[in-house]
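Heads up: the structure comes next, in structure tokens.
The values are calculated or read from the model by the stated rules, or taken from the named source; none is laboratory data. Given the structure is predicted, the values throughout are model-derived calculations rather than measurements. Methodologically, a virtual Cβ is constructed for each residue, glycine included, from the backbone with ideal geometry; neighbour enumeration extends over all protein chains shown.
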Amino acid sequence: MAGVILDRVTRRFDADHPAVDDVSLELRNGELLAVLGRSGSGKTTLLRLIAGFERPDAGEVRIAGESVAGNGRFVPPERRRIGMVFQSYALWPHMDVRRNVGYPLEARGVRGAEYGTRVDKALAAVGLADFASRHPQALSGGQRQRVALARCLVMDPAVVLLDEPLASLDIHLRASLSQEFVAFHASTGATMLYVTHDQAEALAIADRVAVLDHGRLLQIDVPSTLYREPASATVAAFVGGGAVVPAEVLAPAVAGAAPVRVLGLVRTLRARTGQPPGPAEVCLRPEDLAIAAEGVAAWVTQRSYQGATIALDVTCDGQRLRAIMPAASAFDDTELKLDIRDGWVIPR
Amino acid sequence: MAEAKARAGADPGERIILILLVVFAAFVAILPVARLLIAGLAPSGALDLSVMSEAWSRAATQRALWRTLVTALGGTAISLVLGAGFALVVTLTDVRAKTALIFGFMLPLMIAPQVTALAWIQAMGPASALLHLLGLQPAAGTPHPLYGAGGIILVLGLHHAPLVFLAMRAGLRSLPRELVEAASASGASPLFVVRSVVLPLMGPALTAGAGLAFVSSIGNFGIPAFLGIPAGYTVLVTLIYQRLSGFGPRVLPEVAAIAIVLALLAAIGLLAQLRRLRRDDARTSTLSAAASGWALGRYRLLVEAALWSFLGLVVAVPLLALIATSLVKAHGVPLSAETATLTHYAYVLFEHGATRRAFANSFILAGLAALILMVIAVPLAVLADWRRSRVANALSVVAEFPYALPGVVLAIGIILAFLRPVPVLGISLYNTAWIILLAYLARFLTLAWRPVAAGLAQIDRGLDEAAQAAGAGFAFRLRTIAYPLLAPAMAAGGIIVFLTAFNELTVSALLWSSGRETLGVVVFSLEQAGESTAAAAVAVMTVAATLSLMLVGSVLANRLPPGVLPWRA
């Protein structure tokens, strides 16, 4: 059974630029789906459409099989059985941790022993049983996040929506807290939708990633496919920092590979079966390039030492590329020869 | 709009509360203003200017209009100089004890105008206990130096200077520091920077402050009533009062016609403020010029001495004179150990029936108004801000009118609207205390709303959405989220409403009936009856109550958004 289905959903705040433009996607039961996009891409609007804080101008939203928006129907957020983690965490400063966590039960009139048991269970699940009587102001950032998660968990939501929960934290805390989401997801099996602008974060934690740009859904795939086989030049450039260069496919692709002329070299690169011959674009990841004795001439414009590796920004045949190689293999020449080891023909 | 409807449709609680707010606003704000316009402009249903032309063809009305303009413009000029000057010095220099200076400067605004007028009468008159103490009293039998245009202008100017101060200070706080520093770095001396950079940029703030002072001056009743009526110097507000109290409801169309012109004058002053409202955004990110104070160096002590002497002269001396009058055995007798007595306090507290009733009435009316408006302000602000309801947003604008209009204008509108029993319900409000409460609710809603709206703007809207996502309906969220979080702002609004209503005279002077006197009314009646010592005793007690409440408010101040309490600006 599906967790959440968006069927051709559009939301426009002004006539010309829809914030969410004809998006259809399925959030599977028990899945952690990341929605990735730059600021203004419509990702937060998408989340708020699912939560019910926005009303679609067209299309339908279904949660756990029930239509909650569209076709003249509109179920308000308070009756959607959703859990939501806000960027600010939105913990109520005038309530202690216990009451914060128990609030969804309080709002539904759950009282007495059942209230106590369920709040205790949720607090234990996030390891905050000892902090029940504290106020949010007295908690660390990580603890606040866990209170927000426990508040979602307590009412067994159909879907947990997370709106850039790590965006306001510093980089060290982000890594450890993002792993807490993975652990939370693994232990609860909750269906989760995670909105972020950070592609590394999305690739690291999600089962699948949906890429949004200008309100349109560009691609939805598991992280490795998204990285290795971007569906468009936009996705290729946004996810994983790949260079997109013009190329020519020399023969139809067979069994996922095709001969391609790129940067003056002819190599066999990965391609979607059925890719026709002719002009095309190729996505070259930094690790696809290597310094070689034979290859295409390139000029180094910048070197960035990164510890184990070194990143070289190069100009090559009028294209700007980035190559990453072990720091030990680097040398100081400004002119070198590059070979193309791998690449992906962007389908059209 | 579609969105608002959908939301309201989804939660019946939200829709019911919005409808109640609309009914409330229609009842207290829209209906009285509409009745006033009809009475003055279209008494028989169609547009008919005969009432208007009859009222304005009288020489007395024309003279009162002229005097209103003279006193209001004169008072505004004084307010402008004092308020702007005080704001410049206190905001841009390193004088010490700024909180105390501001508290002292704001005090006249918080004290009732009739009390201020009474205090000045006591301070400067031939019977002044204080001047007697110094041997400086004018000769007995000479007319009081403050009766007439000059006195009205002076006291109006002092009373409304805090309004200009507030506008100017807010303007200075939003002036980016870099603009001042760039001028200093270019070699400009502080005085030159003020003249060439600060004052030109404060144009909108000064216009707004002057507009507010002008509107408050033309609508003021207490000061021209105490200083003008004894000298036969009548302005529009006192003219309306005299005609209405002399001839009763049958002159209502005529006073409505006068009130409409008064409202038009107020509209001019309000337009000046609009310029500021558009520019006013508290959420500026750059450091303000107020953050860095110019060091006055060796002049600091001199400047401080000047500021404190000024406050002593215009705030402390009149209040001391008032206290002195309330303590002397008989009016006009010098105050000394032998002549000091507390009998006037005992008289007004225990013997004089009207005063005793007035204390109770004013406490109950101001308390009820504060409580009701605190409760109403929260859903109104939540709907307008968090819930983006355009209807609620419009209501919060409508709520400004009864406060912005001169009090007599609202009072006449309320009389016209509730003179006859309310249809359907069949309840008659005229000649009861409830009509005064109704007027207070209309007039002061915006005072309760402003701190709550400012407090709400500082709270993450996510706190409400999180509760909604957690399954809470609108009424439940109000109870568990909005009210508890906004409690300090509500309290601040309640204190301001209570203080204003408790000291109120303009509206109740037209709406009171025997047995339903307010404190403002009895101070006025006692003074008119020549019982100055008793009037002073009542006035001193209202000032004491006002000061105590201001201090209670100050205790709350660090839990409030800045600028919510005017005396903590």
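Based on this model, can you work out whether A:Arg38 counts as among the basic types (Lys, Arg), touching a strand residue (DSSP E or B) at 6+ places or on another chain (Cβ under 9 Å) and more than 13 Å from every other protein chain (Cβ to nearest Cβ)?
Considered against the rule, which asks whether it is among the basic types (Lys, Arg), touching a strand residue (DSSP E or B) at 6+ places or on another chain (Cβ under 9 Å) and more than 13 Å from every other protein chain (Cβ to nearest Cβ), A:Arg38 comes out as yes.
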Hey, any hits in segment A:116-132 for a residue that's surrounded by fewer than 19 Cβ atoms within 10 Å (Cβ to Cβ) and within 14 Å of another protein chain (Cβ to nearest Cβ)? no
Does any residue in segment A:235-260 that is touching a residue at least 60 places away in the same chain (Cβ under 8 Å) come within less than 6 Å, Cβ to Cβ, of a residue that is of a type in the set (Asp, Glu) six or more places away or on a different chain, and which pairs are these? A:Val244/A:Glu281
Considering only segment A:139-151, I want to know if a residue exists there that is more than 30 Å from A:Val61 (Cβ to Cβ), within 13 Å of chain B (Cβ to nearest Cβ) and more than 26 Å from the chain's Cα centre (by Cα). no
Kindly evaluate B:Val317 against the criterion of being at pLDDT 85 or above and either more than 18 Å from B:Gly104 (Cβ to Cβ) or part of a helix (DSSP H, G or I) (or both). yes
Filter the helices (runs of 4 or more DSSP H) completely within segment B:465-569 down to those with at least 1 residues that are farther than 30 Å from A:Ala148 by Cβ. B:483-502, B:506-511, B:519-528, B:532-556
State the number of residues belonging to segment A:320-347 that are under 20 Å from A:Leu263 (Cα atoms) and either buried (at least 16 other Cβ atoms within 10 Å of the Cβ) or not polar (S, T, N, Q) (or both). 19
Out of all the residues in segment B:432-440, is one or more assigned to a loop (DSSP other than H, G, I, E, B) and away from chain A (no Cβ under 14 Å)? yes
Filter result for the condition that a residue is part of a helix (DSSP H, G or I), surrounded by 23 or more Cβ atoms within 10 Å (Cβ to Cβ) and at pLDDT 90 or above, over B:Leu307, B:Leu373: B:Leu373
Test A:Asp163 against the criterion of being away from chain B (no Cβ under 14 Å) and either crowded, with 17+ Cβ neighbours inside 10 Å or over 27 Å from A:Gly3 (Cα atoms) (or both), and give yes or no. no
Lone qualifier among A:Arg134, A:Arg174, A:Arg108 - being among the basic types (Lys, Arg) and at pLDDT 90 or above: A:Arg134
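So that you can scan it fast, the table gives a plain yes or no per residue for (1) more than 9 Å from chain A (Cβ to nearest Cβ); (2) of a type in the set (D, E, K, R):
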position	(1), (2)
B:Leu456	yes, no
B:Glu465	no, yes
B:Pro484	no, no
B:Ala489	yes, no
B:Gly494	yes, no
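Let's see how each residue does on (1) over 23 Å from the mean Cα position of the chain (by Cα); (2) modelled with pLDDT of 90 or more; (3) more than 16 Å from A:Asp339 (Cα to Cα):
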{"site": "A:Tyr227", "(1), (2), (3)": "no, yes, yes"}
{"site": "A:Val235", "(1), (2), (3)": "no, yes, yes"}
{"site": "A:Ala247", "(1), (2), (3)": "yes, yes, no"}
{"site": "A:Ala255", "(1), (2), (3)": "yes, no, yes"}
{"site": "A:Val260", "(1), (2), (3)": "yes, yes, no"}
{"site": "A:Leu269", "(1), (2), (3)": "yes, yes, no"}
Select from segment A:50-88 the residues that are under 18 Å from B:Ala470 (Cβ atoms), part of a strand (DSSP E or B) and at the interface with another protein chain (Cβ under 8 Å from one of its Cβ atoms) and list them in ascending order. A:Ile82, A:Gly83, A:Met84
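Considering segment B:493-515 alone, what residues qualify as being aromatic (Phe, Trp, Tyr) and modelled with pLDDT under 90? Full working, then the answer.
Let us first name the residues in segment B:493-515 that are aromatic (Phe, Trp, Tyr), namely B:498, B:502, B:512.
B:Trp512 - this is the single residue of segment B:493-515 that is aromatic (Phe, Trp, Tyr) and modelled with pLDDT under 90.
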Name the residues in segment A:299-319 that are within 16 Å of A:Val262 (Cα to Cα) and either surrounded by fewer than 17 Cβ atoms within 10 Å (Cβ to Cβ) or modelled with pLDDT of 90 or more (or both), would you? A:Val314, A:Thr315, A:Asp317, A:Gly318, A:Gln319
Select, from A:Arg73, A:Arg48, A:Arg80, the only residue that is of a type in the set (D, E, K, R), buried (at least 21 other Cβ atoms within 10 Å of the Cβ) and touching a strand residue (DSSP E or B) at 6+ places or on another chain (Cβ under 6 Å). A:Arg80
Pair list, Cβ < 6 Å and 6+ apart or interchain, from segment B:179-200 residues that are within 15 Å of B:Leu296 (Cα to Cα) to residues that are not in a helix (DSSP H, G or I): B:Pro190/B:Trp294
Quick check on segment B:169-185. Is at least one of its residues more than 16 Å from B:Ala117 (Cα to Cα) and in a loop (DSSP other than H, G, I, E, B)? yes
Boolean, A:Arg99 is more than 14 Å from every other protein chain (Cβ to nearest Cβ), touching an Asp or Glu at 6+ places or on another chain (Cβ under 9 Å) and either within 18 Å of B:Ala466 (Cβ to Cβ) or modelled with pLDDT of 90 or more (or both): no
If a residue must be within 14 Å of chain B (Cβ to nearest Cβ) and either exposed (fewer than 13 other Cβ atoms within 10 Å of the Cβ) or free of Cβ contacts under 8 Å to residues at least 60 places away in the same chain (or both), how many such residues does segment A:166-185 contain? 1
Can you find a residue in segment B:526-544 that is surrounded by fewer than 17 Cβ atoms within 10 Å (Cβ to Cβ) and within 20 Å of the chain's Cα centre (by Cα)? yes
Residues in segment A:151-164: is at least one in a helix (DSSP H, G or I), under 21 Å from A:Leu32 (Cβ atoms) and out of contact with any strand residue (DSSP E or B) (no Cβ under 6 Å at 6 or more places or on another chain)? yes
